[in-house]
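Enquirer: The structure that follows is given in the form of structure tokens.
The values are calculated or read from the model by the stated rules, or taken from the named source; none is laboratory data. The structure presented is a predicted model; accordingly, all values stated were derived computationally and were not measured. All Cβ positions, glycine included, derive from the backbone under ideal geometry; neighbour counts span all protein chains shown. Keep in mind that these areas ignore ligands, DNA and RNA; they rest on the heavy atoms of the full protein, side chains included. Shrake-Rupley method; radii C 1.70, N 1.55, O 1.52, S 1.80 Å.
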Amino acid sequence: MARIDSQGLYLQVGDGASPEVFTAGTIGEICDMPPFVAEKNLRDQTCLDSTVREYGAGLFDPPSVTLTMFWDPADSPQNALYTAYTDEAVDNYQILCPDSPATTWSFSAKIVGFTTPYGGVDADLQWDVTFQLTSTITKS
């Protein structure tokens, strides 16, 4: 089984036009991207004549995800994330995986939080940005 290195995993933001055009540049300096866990709520559909509990899929419960990035105040896509936060904008995003051909995961999200830059002694500055998804995640 082939293994795919995570180096080369990128996040892009759309321009909101139709058709959607994603930034030529990527949101850089990502050093940690946790999994986006997509799941539907379970609905109890047990009947009085059931012998075991029965469940059905409910509505999609969009997750929130926090990315950790190396702080780069000169990186305009990073600065655009802060602007999206202050504007309370819902934007479209894509995650580009480093496989061939590249798998793309698309979603819309609102940035609901961020941290100021932080770091330890003799360490690079990092910051965290939290996205609240407002749609399902689609794969292409």
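Enquirer: Can you send over the solvent-accessible area of C31, 1.4 Å probe, protein chains only, in Å² to the nearest 10?
Expert: So the heavy atoms of C31 present about 60 Å² to solvent.
Enquirer: Semi-axes of the equivalent ellipsoid of region 71-140: what are they in whole Å, largest first, if each equals the square root of 5 times a C-alpha gyration tensor eigenvalue?
Expert: Whole-Å semi-axes of the equivalent ellipsoid: 25, 18, 10.
Enquirer: Using θ = phi - 60° and the Karplus form 6.51 cos²θ - 1.76 cosθ + 1.60, what ³J(HN,Hα) does each residue of region 53-70 get, whole Hz, x for Gly and Pro?
Expert: Computed from phi, the couplings for region 53-70 are 5, 10, 10, x, 6, x, 6, 5, 10, x, x, 10, 9, 10, 9, 9, 10, 6 Hz.
Enquirer: Note the angle between two axes, namely the Cα long axis of helix 76-87 and the longest principal axis of the Cα atoms of the chain, as a number of degrees from 0 to 90, rounded to the nearest 10.
Expert: Long axis of 76-87 versus the principal axis of the chain: about 60 degrees.
Enquirer: Assuming R0 = 30 Å, can you tell me the calculated FRET efficiency for the pair V121 and L9, based on Cβ-Cβ distance, to the nearest 0.05?
Expert: Values: r = 29 Å, r/R0 = 0.95.
That pair, V121 with L9, gives E of 0.55.
Enquirer: I want the local charge near G28. Using Cβ-Cβ distances under 11 Å, sum +1 for each Lys or Arg and -1 for each Asp or Glu among the other residues.
Expert: So the environment of G28 carries a net charge of -3.
Enquirer: Quick one: net charge of Q94's neighbours, Cβ under 13 Å, K/R +1, D/E -1?
Expert: Values: positive: K139; negative: D15, E20, D91.
Around Q94, the surrounding residues sum to -2.
Enquirer: Send over the per residue convex hull volume for the chain, Cα only, as a whole number of Å³. Each step should come with its number before you reach the end.
Expert: On the way: hull volume 27.1 nm³, N = 140.
Cα-based convex hull of the chain, divided per residue, equals 194 Å³.
Enquirer: Hey, another quick one. Short version: ³J(HN,Hα) in whole Hz for each residue of region 88-105, in order, from phi by Karplus 6.51 cos²θ - 1.76 cosθ + 1.60 (θ = phi - 60°), x for Gly and Pro, what are they?
Expert: Values per residue, Gly and Pro as x: 6, 7, 9, 10, 9, 10, 9, 9, 9, 8, x, 7, 10, x, 4, 7, 10, 10 Hz.
Enquirer: By how many nm would the segment from T104 to L48 lengthen if fully extended, with 0.36 nm per residue of separation less the alpha-carbon distance?
Expert: Working: separation 56, 0.36 × 56 = 20.16 nm, distance 4.45 nm.
Difference between extended and current length: 15.7 nm.
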